[in-house]
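The block underneath contains the structure these notes are about, expressed in structure tokens.
The values are calculated or read from the model by the stated rules, or taken from the named source; none is laboratory data. This structure is a prediction, so every number in the text was calculated from the model and none was measured. Reconstructed Cβ throughout: ideal geometry from the backbone, glycine too, with neighbour counts over all protein chains shown.
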Amino acid sequence: MKTTREKAKEDSHKNLVNNLQELLEKNYDAEKGFKKALEDSDHENLKEFLKYQAVKRSRFATEIDKILRDLGEKPKEDGSALGTAHRAWIDVKTAFTGKDDEAILEECIRGDKASIEEYEGKMKTNDFPADISKVLDKQLMDIQQTLSTVKCLENLEENWK
């Protein structure tokens, strides 16, 4: 039988792992979302930006994957069902509205806002170890910068045509 302290430590570990697994899924979803947007865009500069963002989210997933392995856990290998459903919705939407760069940027904004909300929520409600917090803080700052850039691109998109 476990002591109260052992049970608390086990519960804390499970909570940490669950939160990291959810962030890992979010990054898998974001990577796939940026790749999908890349396929749908016709503008070469935007394609390069989207490709860079997909690579960045892959790197974020790799960082979280490593943290989970260091904790002795098996990381999830794929995104969420919700992310898959969202990409299917984007496919339906673009079939009816056309592959419009402005619509693509709007979806990127929506996705990044959701990522920021997820990161901020987890960081406010959990006491991550300092080394993990440092990684997650850096990722959050990168996502916030990406959101800012995408908003600027959306404003400039009209001049691309």
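State all residues of the stretch 119-132 that are surrounded by 18 or more Cβ atoms within 10 Å (Cβ to Cβ) and of a type outside the set (Phe, Trp, Tyr); if no residue qualifies, say none.
Across the stretch 119-132, the qualifying residues are 122, 132.
Would you be able to say whether some residue in the stretch 61-72 is over 16 Å from residue 119 (Cα atoms), outside any helix (DSSP H, G or I) and at pLDDT 90 or above?
Yes, the stretch 61-72 has at least one match.
Of the conditions (1) over 17 Å from the mean Cα position of the chain (by Cα); (2) surrounded by 13 or more Cβ atoms within 10 Å (Cβ to Cβ), residue 48 fails just one. Which one is it?
Of the numbered conditions (1) over 17 Å from the mean Cα position of the chain (by Cα); (2) surrounded by 13 or more Cβ atoms within 10 Å (Cβ to Cβ), the odd one out for residue 48 is (2).
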